[in-house]
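J.: The following block contains the structure, expressed as structure tokens.
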Amino acid sequence: MDPALQEQLLPELDPNQLVDAIIRLVKPDQFPPLIQVISRFGDVVTCRVRRSDIVTVYNHPFVFSMKAARLFAQESPHNTSANQFISRENSTEEYRAFPDRGTLPPNINGSGVVIGIIDWGCDFAHKDFIRNNRNSKVISLWDQSAKSVYPNSNRYGYGRIYSTAEINAAVATPNPYQTLGYHPGTGDPTGGAHGTHVMGVVCAGGASGTFGIAPEADIIFVHLGRTNSTENFDTGTMGDSVTILEALDFIHRTAGERPCVINLSGGTHGGPHDGTTLVERAFDNFMDAHSNRVICQSTGNYFSAKIHTSGAVKPDGKANFGVVVADHDHSTNEIEVWYSGKDKFGLKLSHPSLTVPIECELGTEKDVLLGGVVVARVYHRALEPNNGKNHIDIFLKTNAPFGTWEIELTGIKVSDGRYHSWIERDAQGIQARFPDNIVNQFNTTNSISNGYRSIITGSVNTTVVPHLLSRFSSSGPTIDGRKRPLLLAPGESIASSKSAALAETNGGQGTVVMSGTSMASPHVTGTVALMLQICSAKRPNVETIKRLLLSSCTAFNNRDDVYRSGYGVLNTFAAVQEAIQFRASALTEQFGDTESISRHFEKIKFEMGMTEEYENDCAS
């Protein structure tokens, strides 16, 4: 059983409480009893299950795999300018690394496309998101973190959903946040919320002096948060694997038949990094099932985080490595080790405070006691059903002693011998780490960015020439050898919309500078929105969009960064040209040889405002 799910079975927890879970079904149309299905993505569903029924559901023949909700958080801004608020008057060109609207014709603007933002902090009243008709570009907002005034008032059973009419009515008042009952500064009291910045990169309208790539797109925003089924309700700093999938379901349903691209700039460190988590499987299933739907994700800011190590255990050999827990780190720390299901390792966990090491054989679990009190728990699972690997999961509790915890792996039966270990991200900001001499900076992509369909983006610094890959941008490949990220986009010193501070009563209008792969991903999201606008009538699937996007990238020739640079750097204008070419080819195929591809190409360019004179102006 999934260790996080086993943690839900602790005797001190309420057996009657409903728990969030993700289940992979043996057959997509066969559901076990005792669960309430909330959202569905092929053979993956999110559900609610009574804690006392978890074991029964887990063992049901219809269940292939069952997981507890795992916490996720936003990618933190990553340089010294992250908290530097700037106005248009003192901004410089280096802060506007994303493409200026002047490089694109006015007709190619994202009109008719829905942008889904799964993030934190939506300033729906910011002047960048108010149209000329005084309505907000945000057509729906689901605040998952809100305590619902009306229990079960939506299909998900938690949070509050605000409609287009409610949002626009609020925008028309002197204090739109109070009117609506939602303020973007709840989690960011000084302003500058992560989600508003991301939203601005995609579709800011220029009121703050900066323009998004697709300024005429509509926005559906989900403010992630803990659900009502959790013990400690968190009002805005975290979401989890269940709330993310239910956010995806909400955006898809709300967008209806309109083309939609979803941006997700968040993640964690852990997991197998091979695309087999149920979240990644759900993402893939979703895009396989629906054309005109694309998910764009950040690759993570973990290249320098010291959270990954790897090695190999020889037959009858040993591998030792330490995990350093800083003084005064009273948060829970989780360490995972993944290795081949064809191998069998022995495991010892030791610490200077323990009189003897804790041994945990494959297929067992152990409590770590200190003074009669549980300070850690160790799980040693055999054959994770989704990838066939063995999995060690160590939870150091909040009362665990500081210092270095030593992990020893012994080769009992070795056919492969290789192992990878990650330290889970600490949302409280006190990160445990591996010692410098054993850190492996490869395979550091975020935990849900290793699937097969999503478009994963790393960060490049475009404020310098030649451009440099951002020092923080996570590195692939996936554990099974696939490229991640797929491409790079501007992610350093990005000026975008700054949300209102908690004390402010009306819409923000300034900008804030942030850096991170969170800022790179929405550049791609905006570009995909333009591509969907151009060719949405042909209902392209994600693989078509991906092929056109990656073939248009500008080469990034740096041998030292081959595992971090994907297929090159985003080229929005070239991607638009590729989308037009795709639509022209589709029209030629539809109508035969009555008109050539080149003729259709010129007609579409004229329709989109891309005349020959325009191209000559751009070239000059």
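The values are calculated or read from the model by the stated rules, or taken from the named source; none is laboratory data. Please read all numbers here as calculations on a predicted model, not as lab measurements. Cβ sites come from the backbone with ideal geometry, for glycine too, and all protein chains shown count toward neighbours. In case anyone asks, the SASA skips ligands and DNA or RNA and just uses the protein heavy atoms, side chains included. Shrake-Rupley method; radii C 1.70, N 1.55, O 1.52, S 1.80 Å.
J.: Only residues that are touching a residue at least 24 places away in the same chain (Cβ under 8 Å), among the charged types (D, E, K, R) and either surrounded by fewer than 22 Cβ atoms within 10 Å (Cβ to Cβ) or not in a strand (DSSP E or B) (or both): list them for the range 238-256, please.
T.: E246, D249 - these are the residues of the range 238-256 that are touching a residue at least 24 places away in the same chain (Cβ under 8 Å), among the charged types (D, E, K, R) and either surrounded by fewer than 22 Cβ atoms within 10 Å (Cβ to Cβ) or not in a strand (DSSP E or B) (or both).
J.: Given the residues A169, A146, which is the only one that is part of a helix (DSSP H, G or I) and more than 30 Å from L530 (Cβ to Cβ)?
T.: A169
J.: Any residue in the range 181-200 that is within 26 Å of F573 (Cβ to Cβ), buried (at least 23 other Cβ atoms within 10 Å of the Cβ), under 21 Å from the mean Cα position of the chain (by Cα) and of a type in the set (V, I, T)?
T.: Yes.
J.: Residues A305, A282, A376: which one is open to solvent by 10 Å² or more (accessible area, probe 1.4 Å) and of a type outside the set (F, W, Y)?
T.: Unique residue meeting the criteria: A305.
J.: OK, next. Taking the condition of being closer than 20 Å to K389 by Cα and small (G, A, S), how many residues in the range 342-374 meet it?
T.: Here the count works out to 2.
J.: Please determine, by comparing only the residues of the range 498-516 that are surrounded by 24 or more Cβ atoms within 10 Å (Cβ to Cβ) and aliphatic (A, V, I, L, M), which one is farthest from S447 (Cα to Cα).
T.: A500
J.: So in the range 527-564, with the set limited to residues that are assigned to a helix (DSSP H, G or I), modelled with pLDDT under 95 and more than 22 Å from P105 (Cα to Cα), which one is least open to solvent (accessible area, probe 1.4 Å)?
T.: So, considering only residues that are assigned to a helix (DSSP H, G or I), modelled with pLDDT under 95 and more than 22 Å from P105 (Cα to Cα), the one least open to solvent (accessible area, probe 1.4 Å) is D561.
J.: Applying the selection to the range 400-429, what residues are in contact with a Lys or Arg (Cβ under 9 Å, 6 or more places away or on another chain) and assigned to a strand (DSSP E or B)?
T.: E406, I407, E408, L409, T410, G411, I412, K413, I423, listed by residue number.
J.: Further question on the same structure: Which condition does R482 not pass, out of (1) part of a helix (DSSP H, G or I); (2) under 23 Å from V562 (Cβ atoms), if it passes all the others?
T.: (1)
J.: How many residues does the range 257-272 hold that are assigned to a loop (DSSP other than H, G, I, E, B) and in contact with an Asp or Glu (Cβ under 9 Å, 6 or more places away or on another chain)?
T.: Selection size over the range 257-272: 7.
One line per residue, one yes/no per condition, for (1) within 23 Å of T554 (Cα to Cα); (2) open to solvent by less than 20 Å² (accessible area, probe 1.4 Å); (3) outside any loop (DSSP other than H, G, I, E, B); (4) not polar (S, T, N, Q):
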position: T398; (1), (2), (3), (4): no, no, no, no
position: T444; (1), (2), (3), (4): no, yes, no, no
position: V464; (1), (2), (3), (4): yes, no, no, yes
position: P477; (1), (2), (3), (4): yes, no, no, yes
position: S496; (1), (2), (3), (4): no, yes, yes, no
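J.: Continuing with this model, one more query. For G322, are the conditions met, namely being open to solvent by 10 Å² or more (accessible area, probe 1.4 Å), of a type outside the set (S, T, N, Q) and part of a strand (DSSP E or B)?
T.: In short, no.
J.: Quick check on this structure: which one of I130, I161, I117, I139 is open to solvent by less than 10 Å² (accessible area, probe 1.4 Å) and either under 27 Å from the mean Cα position of the chain (by Cα) or modelled with pLDDT under 95 (or both)?
T.: I117
J.: If you don't mind, there's one more thing I want to ask. Since M287 meets every condition but one in (1) over 25 Å from V138 (Cβ atoms); (2) not in a loop (DSSP other than H, G, I, E, B), which condition does it not meet?
T.: Here M287 meets the rest and fails (1).
J.: Follow-up question, since we're still on this one. Of everything in the range 349-359 that's among the polar types (S, T, N, Q) and part of a loop (DSSP other than H, G, I, E, B), which residue is farthest from F395 (Cα to Cα)?
T.: Result: T355.
J.: Taking the conditions exactly as written (of a type in the set (V, I, T) and modelled with pLDDT under 95), does T80 satisfy them or not?
T.: Taking the combined requirement at face value, the residue satisfies it.
J.: Quick one: is I438 open to solvent by 30 Å² or more (accessible area, probe 1.4 Å) and at negative phi?
T.: Spelling it out, I438 is indeed open to solvent by 30 Å² or more (accessible area, probe 1.4 Å) and at negative phi.
J.: What number of residues in the range 30-57 are among the hydrophobic types (A, V, I, L, M, F, W, C), open to solvent by 60 Å² or more (accessible area, probe 1.4 Å) and either within 13 Å of L9 (Cα to Cα) or part of a helix (DSSP H, G or I) (or both)?
T.: Looking only at that region, the number is 1.
J.: Taking the range 180-192 only, how many residues are closer than 12 Å to F124 by Cα and not small (G, A, S)?
T.: So the answer is 4.
J.: With the condition kept exactly as written, say whether any residue in the range 360-375 is among the polar types (S, T, N, Q) and either assigned to a loop (DSSP other than H, G, I, E, B) or closer than 24 Å to D329 by Cβ (or both).
T.: no
J.: A further question on this structure: Pick out the one residue from G371, G429 that is at pLDDT below 95, more than 25 Å from V242 (Cα to Cα) and loosely packed, with under 14 Cβ neighbours inside 10 Å.
T.: Exactly one of G371, G429 is at pLDDT below 95, more than 25 Å from V242 (Cα to Cα) and loosely packed, with under 14 Cβ neighbours inside 10 Å, namely G371.
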